[in-house]
Amino acid sequence: MYKKSVFLLCLILLMSGVKTRAQQTQDSLIISLDQAIEIALEESNSIKIADLTIEKSGYSKKGTYAALYPNISASGSYQRTIKKQVMAMDFGGNAMEIEIGKWNNVNAGVSAAMPLVNAQLWQSLKLSALDVEIAVEQARSSKISMIAQVKKAYYAVLLAQQAYDVYKDVYANATKNYEHTEQLYNAGKASEYEYLRAQVNVKNTEPNLYSSLMAIDLAIWQLKAVMGIDLNAKIGVQGNIDEYKDEMMAYDLSSNMNLENNTTLAQMRLQDKQLERTIKMTKYQYIPTLSGSISYNYIAMGDDFKFRWNPYSVVGLSLNIPIFDGFSKHNNIKQYQASKDILQLTMQDTERNLQIAFKNYENQIATYMKNYSAAESTMEMAQRSYDIAEKMYQLGKATLLELNDAQLALVQAQLTKSQAVYNFMVTKAAMEELAGNEE
């Protein structure tokens, strides 16, 4: 009687946990994969940082273009003479000292200057444009990475839910078998060993059911963290992991590998252009520069503040011809060229490693497809085997151990199927990230 009471208590607690889970799902906002990606792209801090980086680079580019416009400034100054300068001179054989200047001196004016010929500046403008392109590519990289993370987290939730459904069925079967065994035991047609073994089977299924419930909660928390939303928000996901089996079986393994849009290689190509522009800009430092300037000023001097303003203006050209700088520019060019050569070699190694990774993903997908096919055929046999073992057990022609073995084989086949689909979808998401797909 005591054992039966304990068992019923555990059953009530377990079913309350299942009901709680169902109530949470009912109260949650159910989202699709596309909605999860859309929310992540709107709420994620990494995407916001990438957008701000683009905006920052745009301002930097505009600041560089400002060098092409005239630099106009106004100035003014006032000086009060404390002691005037004295000039000594001979006049008709007599020494004379004359004070020079006025007590008050005022100067005000406007000046403008701009480059007329400056090849280095023109190259720096192109360099700034490349900075913006790199920022845009980095933002695209963040977006691609975010999409892949959301997909993987979303599939993890689906897998956890599928595992929970499997273990829930296992628990239901174990409970049904226990009830049948209890009836046989009370009628004297089953031994105490079988009765106790049926109780143990129910108890053994409970940890997996509890663990699968916790796995769902953890997977949803990870999905919310990736999406950048409040961790206390109640959300659920649409679909079932097995719904992607058709996509897996229809996947074309003969598709050609295309790394043209890979964001890592794209950024390295832009960095290569950047170094090339830097080398040109340094070489253009050997070219003379010409700039023009104009100023218009007023000056006034007087011992009192009754000034008479006198205007004067100046127009000028300034030519700067580089002659010798201690081989500074020459060494800088060599340094940038070495960096460019290093980058070229790094790009080659990176592309080879990406090709290897891509090929490895394709091999993994082929393996997952085979695993699914094998698990699917195994599951059909395992389900048939379990149905037969269950009927034979009910007729007393099979032992509980044989029924448990059939149940274990069925569970393994079910989980292997779902795991194969999950592994395929995660690997496919990684391949799409590698290829630089933004969908």
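Rundown of residues vs (1) part of a helix (DSSP H, G or I); (2) open to solvent by 30 Å² or more (accessible area, probe 1.4 Å); (3) under 30 Å from residue 177 (Cα atoms), yes/no style:
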| residue | (1), (2), (3) |
| --- | --- |
| 194 | yes, yes, yes |
| 209 | yes, no, yes |
| 219 | yes, no, no |
| 230 | no, yes, no |
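No other residue among 52, 41 is open to solvent by 80 Å² or more (accessible area, probe 1.4 Å) and farther than 30 Å from residue 298 by Cα apart from 52.
Is segment 266-289 home to any residue that is part of a helix (DSSP H, G or I) and closer than 24 Å to residue 36 by Cα? Checking segment 266-289: not a single residue is part of a helix (DSSP H, G or I) and closer than 24 Å to residue 36 by Cα. Within segment 299-335, the set of residues being open to solvent by less than 70 Å² (accessible area, probe 1.4 Å) and either part of a helix (DSSP H, G or I) or without any contact (Cβ under 8 Å) to a residue 12 or more places away in the chain (or both) comprises 325, 326, 328, 329, 332, 333.
Given the criteria under 30 Å from residue 273 (Cα atoms) and at pLDDT below 90, does residue 304 qualify? So residue 304 fails the test. Inspect segment 416-426 for any residue being of a type in the set (Gly, Ala, Ser) and buried (at least 22 other Cβ atoms within 10 Å of the Cβ) and give the result as yes or no. Among the residues of segment 416-426, at least one is of a type in the set (Gly, Ala, Ser) and buried (at least 22 other Cβ atoms within 10 Å of the Cβ), which makes the answer yes. Comparison of 73, 111 shows that the only residue that is closer than 30 Å to residue 299 by Cβ and crowded, with 16+ Cβ neighbours inside 10 Å is 111.
The C-beta contact set for segment 97-108 (first residue in a loop (DSSP other than H, G, I, E, B), second residue open to solvent by less than 40 Å² (accessible area, probe 1.4 Å), distance under 6 angstrom, 6+ apart or interchain) comprises 101/81; 101/84; 102/302; 103/81. Taking the options 65, 59, name whichever one is among the hydroxyl-bearing types (Ser, Thr, Tyr), open to solvent by 60 Å² or more (accessible area, probe 1.4 Å) and free of Cβ contacts under 8 Å to residues at least 24 places away in the same chain. Matching residue, one of 65, 59: 59. In segment 235-257, is there at least one residue being among the polar types (S, T, N, Q), under 32 Å from the mean Cα position of the chain (by Cα), closer than 30 Å to residue 163 by Cα and open to solvent by 70 Å² or more (accessible area, probe 1.4 Å)? Yes, segment 235-257 has at least one match.
Per-residue answers, yes or no, for (1) more than 30 Å from residue 155 (Cβ to Cβ); (2) not polar (S, T, N, Q):
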| position | (1), (2) |
| --- | --- |
| 28 | no, no |
| 33 | no, yes |
| 38 | no, yes |
| 53 | no, no |
| 57 | yes, no |
| 75 | yes, no |
| 79 | yes, no |
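Among the residues of this structure, residue 162 counts as one that is buried (at least 17 other Cβ atoms within 10 Å of the Cβ) and under 34 Å from the mean Cα position of the chain (by Cα).
In this structure, is residue 203 part of a helix (DSSP H, G or I), modelled with pLDDT under 90 and out of contact with any Asp or Glu (no Cβ under 9 Å at 6 or more places or on another chain)? Judged against the criteria, residue 203 is a match.
Looking at 25, 20, just one residue is modelled with pLDDT under 70 and in contact with a strand residue (DSSP E or B) (Cβ under 7 Å, 6 or more places away or on another chain), and that residue is 25.
State whether the residues of segment 340-357 include one that is open to solvent by less than 50 Å² (accessible area, probe 1.4 Å), among the small types (Gly, Ala, Ser) and either over 30 Å from residue 262 (Cβ atoms) or in a strand (DSSP E or B) (or both).
Residues of segment 340-357 open to solvent by less than 50 Å² (accessible area, probe 1.4 Å): 340, 343, 347, 350, 354, 357.
Narrowing further to those that are among the small types (Gly, Ala, Ser): 357.
Applying the additional criterion that residues be either over 30 Å from residue 262 (Cβ atoms) or in a strand (DSSP E or B) (or both) yields none.
No.
The values are calculated or read from the model by the stated rules, or taken from the named source; none is laboratory data. Here the structure is a predicted model, which means the values were calculated and not measured. Here the Cβ is made from the backbone with ideal geometry for all residues, glycine too, and neighbour counts use every protein chain on show. Ligands, DNA and RNA are stripped out before the accessible areas are found, and what is left, the full protein with its side chains, is counted by its heavy atoms. Shrake-Rupley method; radii C 1.70, N 1.55, O 1.52, S 1.80 Å.
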